[in-house]
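Take a look at the structure set out below.
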Amino acid sequence: MRKQIHDGADGIKLWTGSPEASGVVITPLDLAKAIVTEAHRAGKPVFAHPTNQDGAEIAIQSGVDILAHTTDAGGPWPPSLVERLKSAHMALIPTLTLWHVESKNESREGFEKGMNEVVLPQLRAYSEAGGQILFGTDVGYIEQFDTSEEFVWMSRAGMSSQQILESLTTNPAQRFGYSSHSGRIAKGMDADLVVLRADPAQDATAFSKVRYTIRSGNVIYSEK
Ligand SMILES: [Zn+2]
């Protein structure tokens, strides 16, 4: 981990719960704590892939900053877990599209049931509790670059267009320490803007319909 930080890693991701053929392997707490301590000493945020509630527990107890996913295994989160995640100031990246990509061997019916009964209630509960939600897709591991599906799932979990907007802008700016100059449109802030071609208040998939991307005042993407 020290080598990765030395080589320029911006953050550390830890499998606190790892799905293996034999079942979910949980990272020992002392090992997770040592990793988080070292990462924080270097000023780097730590992400966890929890897999299930035991993995989320290790993330909480070891001081992880961000759950990189909801937990597709182990059922919906009880209120006590939601409360403890909130108290730990944990951020959550839902990565709901990831579960669709991963469900390719499952029936559509079984997949929808898992989303409706396990995963979406987790995001709904954490969002309603005021937990911090960050947008993310796992692109790089998955190849679905179109983000529209993710916005549909986030809406189905009860997030308003305003809350989804926050997950794309002010929340990550705050979490990663850029809120003094990024995340909002205001005088003196970085000229980093995304211009949409439709109104996300009418349809959340409009967040994926990008007309222009502006970075430091320069148009770096323009819809054809
Ligand atoms: Zn992961």
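In a reduced charge model with +1 at each Lys and Arg Cβ and -1 at each Asp and Glu Cβ, the stretch 13-92 shows a dipole moment near 280 debye about its Cα centre.
Taking LYS209, LYS44, LYS187 as the candidate residues, the one with maximal mean-square fluctuation in a Gaussian network model of the chain, Cα springs under 10 Å, is LYS187. Fewest neighbouring Cβ atoms within 10 Å first, the residues SER222, SER167 line up as SER222, SER167.
The ARG184 and LYS224 beta-carbon pair, evaluated with R₀ = 30 Å, returns a calculated FRET efficiency of approximately 0.55. When a/c reaches 1.5 or more, the comparison of a/b and b/c decides; with that in mind, is the chain rounded, prolate or oblate per its Cα gyration tensor? Oblate, since a/c reaches 1.5 and b/c is not below a/b.
Going by neighbour counts of Cβ atoms within 10 Å, the residues LEU165, LEU134 line up, fewest first, as LEU165, LEU134.
With a Cα cut-off of under 29 Å and a minimum spacing of 8 residues unless on different chains, the lysine pairs in the stretch 2-179 number 13. Rounded to the nearest 5, the antiparallel percentage of DSSP beta bridges internal to the chain is 50%. Comparing ALA206, ALA42, ALA68 in a Gaussian network model of the chain (Cα springs below 10 Å), the most mobile by mean-square fluctuation is ALA42. For the chain, the membrane-span-like helix rule (DSSP H, alpha carbon extent of at least 15 Å along the helix axis, mean Kyte-Doolittle at least -0.5) picks out 29-41; this says nothing about an actual membrane. Here r is the Cβ-Cβ distance between LEU31 and THR213 and R0 is 45 Å; the resulting FRET efficiency, rounded to 0.05, is 0.65.
Overall form of the stretch 179-224: oblate. Here a/c, set by the Cα gyration tensor axes a ≥ b ≥ c, is 1.5 or more, and a/b is not larger than b/c.
By the beta-carbon count within 10 Å of each Cβ, the least crowded to most crowded order of MET154, MET1, fewest first, is MET1, MET154. Taken as Cα centroids, the stretch 1-23 and the stretch 157-224 sit 29 Å apart, rounded to the nearest whole angstrom.
Between GLU128 and ASP146, the contour length at 0.36 nm per residue exceeds the Cα-Cα span by 3.8 nm.
Laboratory data are not the source of any read-out in this text; all were calculated from the coordinates shown. The model shown is predicted, which means the values in this text are computed figures rather than measured ones. Note that we place each Cβ from the backbone using ideal geometry, even for glycine, and neighbour counts take in every protein chain shown.
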